[in-house]
Amino acid sequence: MNYKNVIKSQNKVYKILQSEKLNNRLSHAYLFYGDKGTGKKEMAYMLACMLYCENGGCFECDTCKTILSGNHMNVNYIAVEENKTAISKEQIMELQEEYSKTSLVEGTRIYIVDGIDTATNSAQNSLLKFIEDPENKTETIGIFIANELSNVVSTIQSRCNLCHFNAIPKHELSEMIKETGVSELDSRLLSLLTNDYDEAIQIANDADFVNVRDLFLEFLNVKTKTEMVKYYVGHVDVFSINKNIAMLLAWITEFLLEANLYKSNNDNLILSPLCDKIEEYNKLVKNDVKGRLESIILLSDKLKSNVTPKNVFFELTFRFI
Ligand SMILES: [Zn+2]
């Protein structure tokens, strides 16, 4: 997520940090928490920009660019390592070791621990003394990042300034995705698959996404039971893969939800680019959308339990028209 998007989607947190900086009241420890993909890591680097940038955080100058690209000497970042699921005690020890040395660059130092909620309680607790009293007495700001606040030990929570990051509303998320050059419809479809901006951009570049999107549009063109049987036979291989049927199901469910709510003014619908399809569908099923919606919502639960993707696909085609 770029800094402009973070300012927009997390304006409350941004404003608080900005005013704390202006009033020289920055805390020595922050805990940024909220859903994955809401800009917590980006905001941590932006806080560093506010601190080191001559303009108080312009996000454009060389200093800001160095920070945002993760290359500033005074900003240390640790996160869960590749193929691991948690931050290890060793990583935390190394960080403390690093901060017990004198910095090569003058000024406040920042360390970011991305995924504090993944560390064991004992690893988290080993940070406590460090938060309170960094050994070398250089001014230090710690920023802890967590998706799950409840997994952060209370002793850390109580020593930090807590900043909550809101989930990004679907419309806002799809606008952000669109700014990267993704089409209007694709942006909206992607916002229905994830709340995480970075993940959405990743999915946008996945060949399966493009393929399933085309098949979703084809699905909406099916008008009779006979055509639906053909559709099933033609695409059963694609939709025997969990990821693909989950995508189709997410979109069909939203389509039915919106068809069920459909009125004359529909600008606020996420699938508003498909308004004509929704209208056609409502005519086809004679506005009896509710029953279909209910049975198809149940399919998502079936997919999460033990029903095979193939059977879920079968039921979806069977129940849609
Ligand atoms: Zn700057």
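Taken together, the values in this text are just the output of simple stated rules run on the coordinates, not laboratory data. As the structure is a computational prediction, the values presented were derived from the model and not from experiment. Cβ atoms come from the backbone with ideal geometry, glycine included; neighbour counts cover every protein chain shown.
Take the Cα coordinates of the stretch 22-132, assign each an equal point scatterer, and use the Debye formula without solvent to give log10 I(q)/I(0) at q = 0.15 Å⁻¹.
After summing over all Cα pairs, the log10 values are -0.71.
How many percent of the alpha carbon pairs in the chain exceed a separation of 30 Å? Intermediate values should be presented prior to the final figure.
Numbers: 24032 of 51360 pairs.
Value for the chain (Cα pairs over 30 Å): 47 percent.
Based on the alpha-carbon set only, what is the convex hull volume of the stretch 206-320 divided per residue, in Å³? Intermediate values should be presented prior to the final figure.
Working: hull volume 11.3 nm³, N = 115.
Here the figure is 99 Å³ per residue.
Can you give me the Kirkwood hydrodynamic radius for the stretch 164-220, using every pair of distinct Cα atoms, in Å to one decimal? The partial results should precede the final answer.
Values: mean 1/r = 0.0866 Å⁻¹.
By the Kirkwood definition, the hydrodynamic radius is 11.6 Å.
How far, in nm, would the chain grow between Y262 and E179 when pulled straight, counting 0.36 nm per residue and subtracting the alpha carbon separation?
Values: separation 83, 0.36 × 83 = 29.88 nm, distance 2.77 nm.
Between Y262 and E179, full extension yields 27.1 nm more.
In nanometres, what is the gap between the two model label sites at S272 and L284, each 7 Å from Cα along Cα-to-Cβ?
2.4
For the chain, what is the calculated [θ] at 222 nm in deg cm²/dmol (nearest 500), taking -39500 (n - 2.57) for each run of four or more DSSP H residues and dividing by its residue count? Show your work: numbers first, answer last.
Working: 17 runs with 175 residues, N = 321.
My calculation for the chain gives -16000 deg cm²/dmol from helical runs alone.
Roughly speaking, what is the stretch gain from V233 to E199, that is 0.36 nm per residue apart minus the C-alpha to C-alpha distance, in nm to one decimal?
Extra length available between V233 and E199 comes to 9.1 nm.
Trypsin sites (Lys or Arg not before Pro), restricted to the stretch 1-60: which are DSSP loop and have at most 16 other Cβ atoms within 10 Å? Each step should come with its number before you reach the end.
Values: sites: K4, K8, K12, K15, K21, R25, K36, K40, K41; in loops: R25, K36.
Passing sites in the stretch 1-60 are R25, K36.
With unit charges on the beta carbons (Lys and Arg positive, Asp and Glu negative) and the dipole taken about the Cα centre of the chain, which residue among A250, L189, G142 sits farthest to the positive side?
Going by the Cα projections, it comes out as A250.
Based on the Cβ-Cβ distance from T138 to K243, what FRET efficiency comes out when R0 is 35 Å, to the nearest 0.05?
Numbers: r = 48 Å, r/R0 = 1.37.
Once the sixth-power term is evaluated, E becomes 0.15.
Output the DSSP H helices from the chain with an along-axis C-alpha extent of no less than 24 Å and a mean Kyte-Doolittle hydropathy no less than 0.5.
Values: long enough: 242-261 (28 Å, 0.76).
Once both thresholds are applied, what remains is 242-261.
May I ask which residue of I112, G37, Y77 lies farthest towards the positive end of the charge dipole of the stretch 1-120, with charges of +1 (Lys, Arg) and -1 (Asp, Glu) on Cβ and the Cα centre as origin?
The listed residue farthest towards the positive side: G37.
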